[in-house]
Each structure stands twice: as structure tokens, then as C-alpha cells.
Amino acid sequence: MPKRTCLHCEREVPNGAPYFRVAVALQGESDVLAPADGGEADPAELLKQLEHLDEAELEAGVHEELGGVLCPSCRGELRAFFGVGRRVQ
Ligand SMILES: [Zn+2]
């Protein structure tokens, strides 16, 4: 049986011990029509900015999936980070 290692603390999770599988999707978002300075969006300027990004940069910045195994202790830390009881919206 392959060894399981906690994604966060990197400790080995012994066979037969409880562990938790975690999957996280990071979805990048941007309000391109509402610039950070609060001014009007200039479509020509937006297109110019997009031309300087290559496809790999766009993909990596827009959607990334991470996953692995957590030990019970790190599961507790993750729940505390998100706030226990919060659910996907
Ligand atoms: Zn851990």
C-alpha cells in the first residue's frame, strides 16, 4: 500500500489512521469593467493588456486545481482557516 503524506505538514499518515482528501479549485476573477482606480474602463487599454499575456499565463491565473491528503490536525487548521460551517457559495 502506498504511503500517504499530509499535503500541509508532510507527516506520513499511517495505514489505518484517519485522513481526509482535499480538493481546492482556485478560480481567478477580475472586474475588468470596473478598474481599480474607480475610473472608466478604456476598452483599447484592456485589449492592449491582454495582448501581453500568453495563453499559459492566462490559464494558470484563471483556474488552478490543487489536491491531496490531510492529516486530522491539518484538516482542523483548514476548517479554521475557512471558518467552520462555511460552505461553497
Ligand atoms: Zn498534516
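Observations on the model:
- Just so you know, in segment 1-29 the residues that are among the small types (Gly, Ala, Ser) and in a strand (DSSP E or B) include one that is nearest to the ligand (Cβ to nearest atom), and it is 23.
- If you go through segment 2-29 and keep only what is closer than 23 Å to residue 62 by Cα and loosely packed, with under 10 Cβ neighbours inside 10 Å, you end up with 23, 27, 29.
To keep it simple, each residue is scored yes or no on (1) at pLDDT 80 or above; (2) touching a Gly at 6+ places or on another chain (Cβ under 7 Å); (3) within 21 Å of residue 77 (Cβ to Cβ).
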site: 16; (1), (2), (3): yes, no, no
site: 22; (1), (2), (3): yes, yes, yes
site: 29; (1), (2), (3): no, no, no
site: 37; (1), (2), (3): no, no, no
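The values are calculated or read from the model by the stated rules, or taken from the named source; none is laboratory data. Everything numeric here is computed off the predicted structure, so don't read it as measured data. Heads up, the Cβs are rebuilt from the backbone with ideal geometry, glycines too, and the neighbour counts pull from every protein chain shown.
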